[in-house]
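The values are calculated or read from the model by the stated rules, or taken from the named source; none is laboratory data. All values derive from a computational prediction rather than experimental measurement. Every residue, glycine among them, receives a Cβ derived from its backbone with ideal geometry; neighbour counts consider all protein chains shown. The accessibility values were calculated without ligands, DNA or RNA, using every heavy atom of the protein model including side chains. Shrake-Rupley method; radii C 1.70, N 1.55, O 1.52, S 1.80 Å.
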Amino acid sequence: MRYSRQNKVLELINEYEIETQEKLCQLLKEAGYDVTQATVSRDIKEMQLVKTLSSSGKYKYAQSRENGPISDRFVKIFKGTIKSVTPAENIIVVKTLSGCAAAAGEAVDSLGLPHVAGCVAGDNTLMIIAEERRYVPDLVEQFENILK
């Protein structure tokens with residue numbers, strides 16, 4: 001549930017200019033998450049969200065663009081939400097817990113792995129597209145090593 005909620009937080013801060021924890025809490029409740037302000041505060045801290053100046057001149061929550069702890073957090077999300085990794089030609093199909101595919105995709109993107117052309121996420125399925133079929137076995141091995 002935590003990963004699903006945090007994934008929704010990422011969606012919300014990318015869609016709306018959210019200035020306060022109270023507004024984020026309200027939007028999460030409207031999306032069906034039973035949260036308190038304390039839960040939202042913990043999520044913001046754990047996700048290392050920052051306040052940045054928006055184009056409208058107001059401050060809003062956003063993802064930090066620093067590497068390091070963010071990548072570590074995404075590796076934890078990847079480990080905690082992945083159910084299976086299956087190669088298919090130049091695509092790697094990753095099954096996740098419900099609502100976690102986008103967060104797993106962000107985790108893959110944050111790792112900056114070579115030969116990954118991109119990711120496409122649904123609700124519980126992530127497709128990782130390799131530049132060429134020959135790179136798939138190495139990528140699958142890297143993902144399996146992360147999951148160990």
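Once you charge only the Cβ atoms, +1 for Lys and Arg and -1 for Asp and Glu, what is the size of the charge dipole of the chain about its Cα centre, to the nearest 20 debye?
Around 420 debye, computed over the chain.
If the label point is 7 Å along Cα→Cβ of VAL75, which residues in the range 110-141 have backbone nitrogen under 19 Å from it?
Under 19 Å, as judged by backbone N against the label point of VAL75, lie 110-116, 138-141 of the range 110-141.
Going by a ≥ b ≥ c, the root eigenvalues of the Cα gyration tensor, does the range 1-48 fall in the rounded group (a/c under 1.5), the prolate group (a/b larger than b/c) or the oblate group?
rounded
Which of the GluC sites (Glu not before Pro) across the range 20-69 are loop residues per DSSP, with 15 or fewer other Cβ within 10 Å?
GLU66
Rolling a 1.4 Å sphere over the protein heavy atoms, what is the accessible area per residue of the chain, to the nearest Å²?
Result: 56 Å² per residue.
How much of GLU11 can a 1.4 Å solvent probe reach, expressed as accessible area in Å² and rounded to 10?
Only protein atoms counted, so the area is about 90 Å².
Using a probe of 1.4 angstrom, how much of the accessible area of the chain is carbon and sulfur, in percent?
Answer for the chain: carbon and sulfur cover 48 percent of the accessible area.
Students often forget the sequence filter, so: which aspartates and glutamates lie under 18 Å Cα-Cα from LYS60 once same-chain residues fewer than 8 apart are removed?
List returned: GLU11, GLU15, GLU17, GLU19, GLU22, ASP43, GLU46.
On full extension of the chain, what length is gained from GLN142 through LYS45, given 0.36 nm per residue of separation minus the C-alpha to C-alpha distance?
Stretched fully, the GLN142-LYS45 segment lengthens by 32.1 nm.
In the chain, how does Rg compare with the Kirkwood Rh, expressed as the Rg/Rh ratio over alpha carbon atoms?
On the Cα set of the chain, Rg over Rh gives 1.01.
State, to one decimal in nm, how far the label point of ILE91 lies from the label point of SER55, with both points 7 Å from Cα in the Cβ direction.
Distance between the two pseudo-spin positions: 3.2 nm.
Mind scanning LYS8/LYS83; LYS58/LYS95; LYS58/LYS79; LYS29/LYS148; LYS29/LYS76; LYS58/LYS83 and naming the pairs with a C-alpha gap bigger than 28 Å?
In this structure, LYS58/LYS95; LYS58/LYS79; LYS29/LYS148; LYS58/LYS83 exceed 28 Å between Cα atoms.
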